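Engineer: Below is one structure. I have some questions about it.
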Amino acid sequence: LFWGFSFGWGVLDTKLAEGPARLTFAIDKAGEGWRQVDAVLLTDDLTYVPHGREKPPFPYHASYNLVPPGGSSWRGQMTPWDLAGRVPRQPVGGRDFSMWAAAENDLKWWGQQNLATLSLYDVHFQFTPPSDIRDKFHKQYAGRKDLPILSFPDLLTGFYLGNTPDLSPDSPLRKWLEQTKTPFYIMTNYATGSYNEKNGPATYAALTGPLARQFLGYIHGEALGTGSVFLPDQPLAADRRGHADAILRHLRDKQAEDWSKIYKTKVAPEHFRASISCLSVNCIAMAHLLHEAGCAIVGYEVDATNVHVPMRIAFERGAARQYGGAWINYASGNFGDACNYFTQNPVVPRGAPAWFHSKYSITDGVTAAWYRKLYYLNYLGGASAIYWEQNLFNQWMVPGPGTHPVQLSPFGRATEEFLDFVQRCPDRGEPYTPIGLLLNYGHGYERVNYSCKMFNVFPEDHNDIELRELFNVWWHPTSILEGLPAAPDVQSMPSGVYGDIFDVLVDRPQRAEALTNYPIIWAAGDVRFHPAILKALETHLQRGGTLVVNIALAGQLPQEWLGFQMTADLTTCTAWGPVGAPPQATTPFRCARVQPTTAQPLAVALAQDAKPAAAQPLLLRNQVGRGAVIVMLVPRGIGLDERAHPALPYLMNGLTQGLLPVDVRLANGRRLQGEVMYSLNKTKNGWLVALYNHRGLDKTQTGIARVDRRAVAEVALELPPDTTAVQELTEPRKLTVESPSGAGQRPRTTLRIPAGDVHVVEIRTK
């Protein structure tokens, strides 16, 4: 604060009398710029000392250790891993998975080629090497047809709008595309092209006519569309739902205007279908809306400073499944402003030429381990493609100083290993996500954006706080990790204790059928139960599904689903506990008083100084057909501290018992507390289990990575009873299966995951 450019913090060491208190922050003079109060901490723990960005421990953290006996009986009777009704992943460019690199519209080069013999490999060989060593690359590898990465059979190509790719009937590029039937994209970042009255209309006619089946779409990196297509800066309706509907029209019309100017011809709003928006911030707010607007493919971008990749994948995957579309990852190997290239001549001169981890400094950027894990996370998460923002410019390098041949960079070696895995494991299966998270289609939720507002115009409200806390519970220990010093493998890849088992869905009535494909539907925020939604949920419950709602939503449901009579009474409580267990004190919370009829309590609440006999229901379960409806009676599931109620982890611990065919634990039998991230995929012959260890890698944006090799994860997999073989696929190697040692136990295998590593285990079943 003395130097005038830093933030500070202070302590008001005052003892407050019991009862209401008012805390006022007064600004009594104008400042040079906008200032904010980041956080206010009120505590009765006089020994607590703030440390860095660390948040104080919240009461719900402790309840992850509360495991209810027989929690699986809380669910309905639906077979958890029945995926029969789910829409399968849609192919893109005729492929289940592909990688997208870039070519150039070099008219001289294309005009000199023998198009009859020119292969896609030849195009990648010419244009994808880094520009500063391209000539040396061409000379060193002339005649080779088997180079790593370039020879990957599902490596596709595309062109930059800024180079004005001419697709007129007589252009060599158009002829080659028609001849080879090669799928291709156009990347639009910061570009408008330089089309004229002849080649502009001809290019648009080609994209919507002869080349339409090959055209993958327009990649809009970090954007909704071309230059003037962005979210409005004022509300378009009184509420978010109306605003969301208006956004759809706004985007289609603005994009049609831009394309009409670019192509010098009238472009229909329906051409918006070809947009592949790859937002970073606001990607989760817009995922479902972009599909609703007609986009066949939606993407998302993440770098090492954008938090929570698993949550973002849950939004993208859920939207694609609900709308029958596809999603891709716009791969940005960045850490803040550190762009990952390997070049002899960085922007900032730093002595003798040598390879640099970015264009700024030899130590900038992410770890190669983070880069590698992101490949697996997207591939096994269900992405149809991965697009390289940096093309292949960071895949090859010339080490230095000294004289060395062109070779794969550390990133290139990670890519080579990953593509080898993809070819060894062609059946990646379908991600198994048994919990569908149902939100309002106008939720607009995104806590990481440029305006600190939802859809950039709506202030955070109680629905957003509810979602924030639920996401923290579902992917615990996210709320702890976000307070640690920023590092690539920490905030962007939280190791959720329940695994990556979620898809996010929205309450579009015409898309309600998707709700019936998830054993558990958890409705949150301000969902609206349209009659079509209720009809789908009725089918879901009769099939044995489970519906979880909050008391704030319960009034929209049929009375017979609830099993209790609603009242208007709210009680302030200070303790809670599982039924039959001693009560546990927690921060004050409000709890609705209801009159149970057929519903049974799973947990109870106590008002301050009340005796256990005066406990009131907190969680209620009601049998509906073969299914179950579970209602939490704490409004929005948050206490007066605006943090998750401790009963939420307890509820999740019960709902997830036996929910997965493979139980992932530590080798000593203990439940996970964030040691590894994991996910499951259902294959034709069994299951794939991906295990990621994000611990042990400490790296700042411009620092050298420090590796703690003691941060290994010793993991045990409890396998399906009909397991026939188990192997690890990234090395690969066979794993030893331990036979059950007692009644009720399952086969088991153990493996050791080093710091920063990823293992994929294939489990074959009968």
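The values are calculated or read from the model by the stated rules, or taken from the named source; none is laboratory data. Treat the numbers as computed from the prediction; the structure is a model and nothing was measured. So basically every Cβ, Gly included, is an ideal-geometry build from the backbone, and we count neighbours across all protein chains shown. These accessible areas exclude ligands, DNA and RNA; they are computed on the full protein's heavy atoms, side chains included. Shrake-Rupley method; radii C 1.70, N 1.55, O 1.52, S 1.80 Å.
Engineer: Any idea what % of Cα-Cα pairs in segment 670-766 are farther than 22 Å?
Structural biologist: 36
Engineer: Separate question: Whole-Hz Karplus ³J(HN,Hα) for segment 226-235, in order, using 6.51 cos²θ - 1.76 cosθ + 1.60 and θ = phi - 60°, x for Gly and Pro?
Structural biologist: Per-residue couplings from phi come out as 7, x, 9, 9, 8, 5, x, 9, 9, x Hz.
Engineer: Of Ser72, Thr182, Tyr204, which is farthest towards the positive pole of segment 65-210's charge dipole, taken about the Cα centre with +1 and -1 on the beta-carbons of Lys, Arg and Asp, Glu respectively?
Structural biologist: Of the candidates, Ser72 comes out farthest on the positive side.
Engineer: Then there is this: What are the ³J(HN,Hα) couplings of segment 431-440, residue after residue, when phi is run through the Karplus curve with 6.51, -1.76, 1.60 and θ = phi - 60°? Round to Hz, x for glycine and proline.
Structural biologist: My calculation for segment 431-440 gives x, 8, 10, x, 10, x, 9, 9, 10, 5 Hz in order.
Engineer: At a 10 angstrom cut-off on C-beta neighbours, averaged per residue, how do the peptides 284-290, 263-269, 640-646 rank from highest to lowest?
Structural biologist: Ranked by mean Cβ neighbours within 10 Å, highest first: 284-290, 640-646, 263-269.
Engineer: Please list, short to long, the whole-number percent of alpha-carbon pairs of segment 70-168 in consecutive 5 angstrom bins beginning at zero.
Structural biologist: Going from the shortest bin to the longest, the percentages are 2, 9, 15, 17, 15, 9, 6, 4, 5, 5, 5, 4, 3, 1, 0.
Engineer: Which percent of the accessible heavy-atom area of segment 268-343 goes to carbon and sulfur, probe 1.4 angstrom?
Structural biologist: Of the solvent-accessible surface of segment 268-343, carbon and sulfur hold 53 percent.
Engineer: Here is a follow-up. With unit charges on the beta carbons (Lys and Arg positive, Asp and Glu negative) and the dipole taken about the Cα centre of segment 612-766, which residue among Ala711, Pro649, Leu620 sits farthest to the positive side?
Structural biologist: Leu620
Engineer: Determine, for each peptide in 172-181, 371-380, the mean count of other beta carbons within 10 angstrom over its residues, then list the peptides with the highest first.
Structural biologist: 371-380, 172-181
Engineer: Sticking with this one: Give the carbon-plus-sulfur fraction of the accessible surface of segment 154-251 in %, rounded to a whole number; probe 1.4 Å, heavy atoms of protein chains only.
Structural biologist: 51
Engineer: Want the number for Asp135 to Arg593: 0.36 nm per residue separation, take away the alpha-carbon distance, what's left?
Structural biologist: Contour length minus the Cα-Cα distance gives 157.3 nm.
Engineer: Right, next: Restricting to the chain, what percent of DSSP beta bridges are antiparallel, rounded to 5?
Structural biologist: If I count the DSSP bridges inside the chain, around 60 percent turn out antiparallel.
Engineer: Please compute the contact order of the chain in relative form: average sequence separation of alpha-carbon pairs under 8 Å and at least six residues apart, divided by the residue count, as a percent.
Structural biologist: Numbers: 1611 pairs, mean separation 99.8, N = 766.
That works out to 13 percent.
Engineer: Size of the dipole of segment 447-574 about the Cα centre, Lys and Arg at +1 and Asp and Glu at -1 on the beta carbon, nothing else charged, in debye to 20?
Structural biologist: Approximately 280 debye in magnitude.
Engineer: On to the next question. Scan around Leu216 for amide H atoms under 5 Å from its own, H built in the peptide plane at 1.01 Å from N, and keep only partners 5 or more places away or cross-chain.
Structural biologist: Those lying under 5 Å, H to H, from Leu216 are Phe184, Tyr185.
Engineer: Further, regarding this structure: Given a 1.4 angstrom probe, what's the average accessible area per residue across the chain, in square angstrom? Don't skip to the end; give the middle numbers.
Structural biologist: Details: 32710 Å² over 766 residues.
For the chain, the solvent-accessible area averages 43 Å² per residue.
Engineer: Using the Cα centre of segment 403-492 as the reference point, and only Cβ charges (+1 on K/R, -1 on D/E), how large is the resulting charge dipole? Debye, rounded to the nearest 20. Walk me through the numbers before you get to the answer.
Structural biologist: Details: 6 positive and 13 negative charges, 37 e Å.
For this selection, approximately 180 debye.
Engineer: What full-extension length gain, to one decimal in nm, is calculated for Thr208 and Lys15 as 0.36 nm per residue of separation minus the Cα-Cα distance?
Structural biologist: Additional length available on full extension: 62.4 nm.
Engineer: Over segment 658-766, what relative contact order in percent results from Cα pairs under 8 Å that are six or more residues apart?
Structural biologist: Relative contact order here is 33 percent.
Engineer: With the full set of protein chains in place, find how many percent of the accessible area of segment 602-666 is carbon and sulfur; take the probe as 1.4 Å.
Structural biologist: Details: 980 of 1960 Å².
Within segment 602-666, the accessible surface is 50 percent carbon and sulfur.
Engineer: Right, here's the next one. Under a 5 Å amide H to amide H cut-off, with H placed in plane at 1.01 Å, what residues pair with Leu156 once short-range neighbours are removed?
Structural biologist: Met99, Trp100, Ala101
Engineer: Moving on. Within 10 Å, count the other beta carbons around each residue, average over each peptide in 740-752, 676-688, and list them highest first.
Structural biologist: The most tightly packed comes first, giving 676-688, 740-752.
Engineer: For the chain, with only Lys/Arg (+1) and Asp/Glu (-1) charged at the beta-carbon, what is the dipole magnitude about the Cα centre, in debye rounded to 20?
Structural biologist: 1280
Engineer: Kindly write out, for segment 145-156 in residue order, the coupling ³J(HN,Hα) from the Karplus curve 6.51 cos²θ - 1.76 cosθ + 1.60 (θ = phi - 60°), rounded to whole Hz, with x marking Gly and Pro.
Structural biologist: Here the 3J(HN,Hα) series is 10, 10, 5, x, 6, 5, 8, 4, x, 10, 8, 9 Hz.
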